[in-house]
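The values are calculated or read from the model by the stated rules, or taken from the named source; none is laboratory data. Owing to the predicted nature of the structure, the values given are computational and were not obtained by experimental measurement. Heads up, the Cβs are rebuilt from the backbone with ideal geometry, glycines too, and the neighbour counts pull from every protein chain shown. Accessible surface is based on the protein model in full, side chains and every heavy atom, while ligands, DNA and RNA are left aside. Shrake-Rupley method; radii C 1.70, N 1.55, O 1.52, S 1.80 Å.
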Amino acid sequence: MKKRFLFLIAALLVLAALCAACSGGAPSGELPGGDPSGPQNTDPPSDPGLSNFEGVVFEGLTVTYDGQEHTLTVTGAPNGATVAYTQNSATNAGTYGATAVLTKEGYNQKTLTATLQINKAVIDLSGLTFPGGTYAYNGAERAVTVAGTVPDTVTVTYENDKGTNAGTYNATATFAPKDAANYTVSVSSLTATLQIDRAVITTAVFNGAEFPFDGEAHSVSVTGNPAGTAVV
């Protein structure tokens, strides 16, 4: 009876140990100590019998577009190491995620990442102005234009910058780089006012006259009024 009791206690202890081991493991679908949704290391498992790359640096770079190619390179790699690059060179403006994979016989593979940032170049338009203009109506078209030298690399688009009839015209000059992928402008637009005032008639004359009575109807009229004007 005593042997059976001891056997039962031993079996319960083994069962409890197995349950504790099961409950302490990683949840299904998740590796212990890791986040399954996070970035994964693309290097093969490290071999403790191989050396590791030490003191190797793959620095990022931020530059302004200048039409030249820019390149990221690894420094500190030991002699005989091979470096395979991905997207480490570029010329046009943009953000480039570069990768460098180092391999060498007797070493564990090592993958490094860096960012190559090429910012757009800014075309300085601070020397440009957009003066308005005030004119008297004369039947001819009037216009306002940008003052200063517009670079060949920039286009100017005008809106509401011309008028013939009397009135107030709110003009806009919009600037855009011809190579919008690599350039931007310091000033995107300027505004000006084109004012065409009504013309004042100064040549018309309305003189009186005297006539001896002759039983006929007589009249006086305006002279010198410009063509297209009406006298009421």
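Scaled against 2.2 N^0.38 Å for its residue count N, the alpha carbon radius of gyration of the range 60-191 is 1.81. Stretching residue 59 away from residue 199 to a fully extended chain increases their span by 43.4 nm, per 0.36 nm per residue minus the current alpha-carbon distance.
Ligands, DNA and RNA left out, the 1.4 Å accessible surface of the range 47-131 is 44% carbon and sulfur atoms. Take the Cα of residue 111, go 7 Å toward its beta carbon, and the backbone nitrogen atoms of the range 52-86 under 12 Å from that spot belong to 86. At full extension, residue 124 and residue 188 could sit 22.0 nm farther apart than now, given 0.36 nm per residue minus the alpha carbon distance. Between residue 166 and residue 149, full extension at 0.36 nm per residue minus the direct alpha carbon distance yields a gain of 3.1 nm.
Report the FRET efficiency, 1/(1 + (r/R0)^6), for residue 134 and residue 159, where r is their Cβ-Cβ distance and R0 is 22 Å, rounded to 0.05. Calculated value: 0.70.
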